[in-house]
Amino acid sequence: MNTHVNTRTIAVVSGSRADYGIVQPILRQIDDDPDLALQLIVTGMHLSHEFGHTVDAIEGDGFRIDHRLETLLSSDTPNGTAKSVGLGVLSFSELWTSAAPDVLLLAGDRFEILSAAVASLPFNIPIAHVHGGEVTQGAIDEAIRHSISKMSHLHFTSTRAYAARLVRMGEHPERVHCTGAPGLDALLAARRWTGDEFRARTGTQLAPGTLLVTFHPTTRDPGASIRDFQALLTALEEVRRPLLFTYPNADAGGRKLIEMLEAFARDFPNVEVVRNLGTAGYRTLLETVDAMVGNSSSGIIEAASFELPVVNVGSRQSGRVRAANVIDVEGNSDAITRAILRATSTDFRTGLAGLENPYGVGRAAPQIVGHLKDVSPCPRWLSKGFYDAA
């Protein structure tokens, strides 16, 4: 890690495997730059054994973790989530008192990231935000993301449409940069594992015809999460394919989904469940499985780079830009079954040849770090006006 005295310190917060996949290539770029010092802060799901203790994977990638903040309550309720936000604000406030960075880089829209942003305001810490301007109408992430955008001073968006939305929200165009999705950088650069490597590293056999299934809570309507997931499980039982499930996020309602998932896995021998795959393991899946099913943002942002068919269930990702590989379907078992059959058909897969991913080509991190080096945080830069677009 860079430890030069006269460097600019960039603090980066990660609270889950999802946002770590986004920031990992940025961390690498910062850590390798002689003009920058990385301050890595890990919190949330990373520190939970229930969700795979993914802090181990971060250290396995060679990063030194500067601070570990325990903020995630073992609770599956809106009350627990709200209290975790409050605990996060307290924890980050204490940290900023003694270790305030020159710039705070935040990615995405989870509640741990909101806590870091809120706590930074009284300390006048400049915020650079990745993945602003996006829309996910089925999750509270929608409000969190836009809130963080209004607290931020520099923006790195994944598509031009999202950059334009931030300008319409009053952010000055000079502060908004369309870089593409940085999560693609590491994913496209990772080496695909062989079948034997995958089995040795995960304890899981990748059978021909496997579907990758990832389903997260729809936090705007927790009841819909359970109904949609049950419909998905019913459809998966009908299609009779090998299934590989990854764990849901630690959002309100997530533990109920885990309970349903594990009960389903006990009843059917063709089901595998993994908590953490890492970047290379995940790339291996995206290049190997027949389709992805569920409601993960990965199906929207990353799968297109691998021409992978995606069945997107329910409203969680409603509003996001998507490529032609995504089939949107309501939480109805018959409709999901039909969508899976369509997604796994030879005609559909063949039609995705040469598909262009609207989220970029995997060269976002160098652009982001270049802008972080170019800006000069000062009182004038911290003072944001509302830009009235013509």
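Just so you know, all these numbers are worked out from the coordinates, no wet-lab data involved. Everything numeric in this text was worked out from a predicted model, so none of it was measured. Positions of Cβ are backbone-derived with ideal geometry, glycine not excepted, and every protein chain shown enters the neighbour counts.
Within the set of other residues whose C-beta is less than 14 Å from the C-beta of THR214, count the net charge using Lys and Arg as +1 and Asp and Glu as -1. Summing Lys/Arg as +1 and Asp/Glu as -1 gives -1. Near ILE258, once Lys and Arg are set to +1 and Asp and Glu to -1 for all other residues with Cβ below 11 Å from its Cβ, the sum equals -1.
Placing unit charges on the Cβ atoms of the charged side chains and taking the dipole of the chain about its Cα centre, the candidate lying farthest along the positive direction among LEU114, ILE30, VAL375 is VAL375.
Couplings 3J(HN,Hα) for the range 338-344, derived from phi with the Karplus relation 6.51 cos²θ - 1.76 cosθ + 1.60 (θ = phi - 60°), are 4, 5, 5, 4, 5, 5, 8 Hz, where x marks Gly and Pro. In the elastic network of the chain, a GNM with C-alpha springs shorter than 10 Å, the most mobile of ILE258, ILE336, ILE22 is ILE258. Summarising the amide proton neighbourhood of THR136: residues at separation of 5 or more, or on other chains, whose placed amide H is nearer than 5 Å comprise GLU142. Computed about the Cα centre, the dipole magnitude for the chain is approximately 440 debye when only Lys and Arg (+1) and Asp and Glu (-1) carry charge, each at its Cβ. Would you grab the residues whose amide H sits under 5 Å from the one on VAL273? Only those 5+ places off in sequence or on another chain, please, with H modelled 1.01 Å from N. Hits under the 5 Å cutoff: PHE245. Our estimate of slack between LYS384 and HIS172, defined as 0.36 nm per intervening residue step minus the Cα-Cα distance, is 75.5 nm.
Binning the alpha carbon pair distances of the range 127-239 at 10 angstrom intervals from zero yields the distribution 12, 26, 25, 27, 9, 0, expressed in whole percent.
Packing, as the average of other Cβ atoms within 10 Å across residues, places the peptides 37-50, 297-310 in the order 297-310, 37-50, highest first.
Using Stokes-Einstein with the Kirkwood hydrodynamic radius over Cα pairs, what translational diffusion coefficient do you get for the range 254-390 at 25 °C and a viscosity of 0.890 mPa s, in µm²/s rounded to a whole number?
Value of D from the Cα-based Kirkwood radius: 136 µm²/s.
Which shape class applies to the range 51-136: rounded if a/c is under 1.5, otherwise prolate when a/b exceeds b/c and oblate if not, where a ≥ b ≥ c are the square roots of the Cα gyration tensor eigenvalues? Rounded shape, in that the Cα axes give a/c under 1.5.
For the range 241-304, averaging the sequence separation of C-alpha pairs within contact (under 8 Å, six or more residues apart) and dividing by the residue count gives a relative contact order of 34 percent.
Geometric descriptor of the chain, per residue, is 132 Å³ (volume of the convex hull of the Cα atoms).
For the range 1-77, the set of chymotrypsin sites (Phe, Trp or Tyr not before Pro) satisfying both a DSSP loop assignment and a count of at most 11 other C-beta atoms within 10 Å is empty.
Which whole-number percent gives the relative contact order of the chain, counting Cα pairs below 8 Å spaced six or more residues apart?
17 percent
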